[in-house]
Amino acid sequence: MQHFAKPENALKRADELCAVGQKEAAMVALHDVLSSKRHRLWQPASEEVMIRFLDLCVEQRKSKAAKDGLIQYRLICQQVNVASMETVLRHFMTLSEEATKGALELAEKMIGDRVNNLLDFDDLEVSF
């Protein structure tokens, strides 16, 4: 578990890790900030950390990590800034809908290619 003095530092470190391709480590760093008892008081940087964490979760398809992060964030902002929780949830829903649309388009394309291959009778050789 990494300890950051400020959530901004964790956000900066996560961006550095993402730049070198270590997205899993970036998720861990952000999750550590969200679950740390040191950072239980809501700050504007907390919302940025959560949004970045959800971006990584959706990109990596880590739904359980996203759920745990949302629970931790609810504990942080439920008494101070409920509107922030709404902003984060709306962002998560938008990300999820975009990822779902992308996956459906990819699946339809793959199925369409396979159907076209099945219906292509020019490659068949008939031998009697």
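The values are calculated or read from the model by the stated rules, or taken from the named source; none is laboratory data. Because the structure is predicted, anything quoted here is derived from the model rather than measured. Every residue, glycine as well, gets a Cβ built from its backbone with ideal geometry; the counts of neighbours run over all protein chains shown. Please note that ligands, DNA and RNA were not included when accessible areas were found on the heavy atoms of the full protein model with its side chains. Shrake-Rupley method; radii C 1.70, N 1.55, O 1.52, S 1.80 Å.
For this structure, a couple of remarks:
- Dipole magnitude of the chain about its Cα centre (Cβ charges: Lys, Arg +1; Asp, Glu -1), debye to nearest 20: 1180 debye
- The chain: angle of helix 63-77 to the longest principal axis, Cα-based, in degrees nearest 10: 20 degrees
- Residue-normalised accessible area of region 62-109, given per residue in Å² at a 1.4 Å probe: 70 Å²
- Springs join every pair of Cα atoms under 10 Å in this Gaussian network model of the chain, and among Gly112, Gly102, Gly69 the largest mean-square fluctuation is at Gly112.
- A cut-off under 15 angstrom between Cβ atoms defines the neighbours of Leu75, and their net charge, with Lys, Arg +1 and Asp, Glu -1, is +2.
- Helix 44-60 and the long axis of the chain differ in direction by around 20°, with both axes built from C-alpha atoms.
- Label selected from [x] 3.89; [y] 1.13; [z] 1.52, the criterion being Cα Rg over 2.2 N^0.38 Å as computed here: [z]
- Between the Cα long axis of helix 82-118 and the first principal axis of the chain there is an angle of about 10°, rounded to the nearest 10.
- Furthest towards positive pole of dipole, Ala107, Leu11, Leu95, structure part the chain, Cβ charges: Leu11
- Per-residue [θ]222 nm for the chain (sum of -39500 (n - 2.57) over DSSP H runs n ≥ 4, rounded to 500): -25500 deg cm²/dmol
- Proximal charge balance of Lys23 [Cβ under 14 Å; K/R count +1, D/E count -1]: -1
- Among the protein heavy atoms of the chain, carbon and sulfur supply 55% of the accessible surface, probe 1.4 Å, non-protein parts ignored.
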